1. Report yes if some residue within region 5-13 is surrounded by fewer than 20 Cβ atoms within 10 Å (Cβ to Cβ), more than 24 Å from W85 (Cα to Cα) and among the polar types (S, T, N, Q); otherwise report no.
2. Looking at region 135-159, I want the residues that are more than 14 Å from A175 (Cα to Cα) and have a partner that is of a type in the set (A, V, I, L, M, F, W, C) with Cβ atoms under 6 Å, at least 6 apart or on another chain. Which pairs are those?
3. Answer yes or no as to whether G49 is under 22 Å from G34 (Cβ atoms) and surrounded by 17 or more Cβ atoms within 10 Å (Cβ to Cβ).
4. Kindly provide the set of residues from region 33-81 that are in contact (Cβ under 8 Å) with a residue 40 or more places away in the chain and more than 16 Å from the chain's Cα centre (by Cα), ordered by number.
5. Any residue that is farther than 24 Å from D132 by Cβ, surrounded by 14 or more Cβ atoms within 10 Å (Cβ to Cβ), over 14 Å from the mean Cα position of the chain (by Cα) and charged (D, E, K, R) - is there at least one of those in region 152-159?
6. Could you pull out every one of the helices (runs of 4 or more DSSP H) wholly within region 1-88 that has 3 or more residues that are hydrophobic (A, V, I, L, M, F, W, C)?
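Throughout, read-outs are computed from the coordinates displayed, never taken from laboratory work. Keep in mind that what you see is a predicted model, and the values were worked out from it rather than measured. Neighbour counts run over all protein chains shown; Cβ positions are idealised from the backbone, glycine included.
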Amino acid sequence: MIRLNRPPCPDPVALRSNYKAPINKQALIEASHGKCMYCESRVTDVYFGDVEHIHPKDQFPELEYEWGNLGFVCAKCNNSKSNKWFDETPFIDPYSEDPNDAITALGQWLFSRPGSDRGRVTLHEIKLNRPDLLQNRLEKLDRIQEILDLMAKAPNDAVRNALSSRIEAELGPDAEYCLVGLSAYNQLGHD
């Protein structure tokens, strides 16, 4: 989970009657780079994706059509979160806060930072360490390791620059599992 920037609502009129109006949903998709706001899996490659209510609409009907309460998610995270809400430990909202304050990555695993009950609840309830995510994140780490190894052995600057572009593509905000990738990159060392 990484920090996201929710743009202004493109069509506030449509939002008043349809929280998943196509133009508004597209803005949420673009804001999350086509990835789930929670698990960072690329949703649009395999699924239409869901417009998620951060505060569940069943419990907070006044927020059903509130732009600041909407995000883009995959079906698995949406189903895991369902209509759960905990007043004392609300889920992390990557559009309004930096998830890095509550969650960190160690290898392919996500952990809550010490003392972050919200991080722990978010990880546990949305199942952000489910087996398929762990496998996908491990593959990401293997790619990063391979590129860094090649960079360390590169015979010249031209090769290093080409590999540097590959690393940047793996670590950009539009890349899947950016949090895990950046953490590994920083831990493994870089120039």
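1. no
2. Filtered contacts from region 135-159: I147/L163; I147/I167; L148/L188; L150/L163; M151/L163.
3. On the way: under 22 Å from G34 (Cβ atoms): yes; surrounded by 17 or more Cβ atoms within 10 Å (Cβ to Cβ): yes.
Here the answer is yes, as G49 does meet what is asked.
4. E64, Y65, W67, G68
5. From region 152-159, those farther than 24 Å from D132 by Cβ are 152-159; that's our starting set.
Checking the rest, the ones that are also surrounded by 14 or more Cβ atoms within 10 Å (Cβ to Cβ) come to 154.
Still in the running and over 14 Å from the mean Cα position of the chain (by Cα): 154.
With charged (D, E, K, R) added as a condition, the list becomes none.
No: region 152-159 contains no residue that is farther than 24 Å from D132 by Cβ, surrounded by 14 or more Cβ atoms within 10 Å (Cβ to Cβ), over 14 Å from the mean Cα position of the chain (by Cα) and charged (D, E, K, R).
6. Working: elements: 12-15, 22-31, 75-81.
Correct list: 12-15, 22-31.
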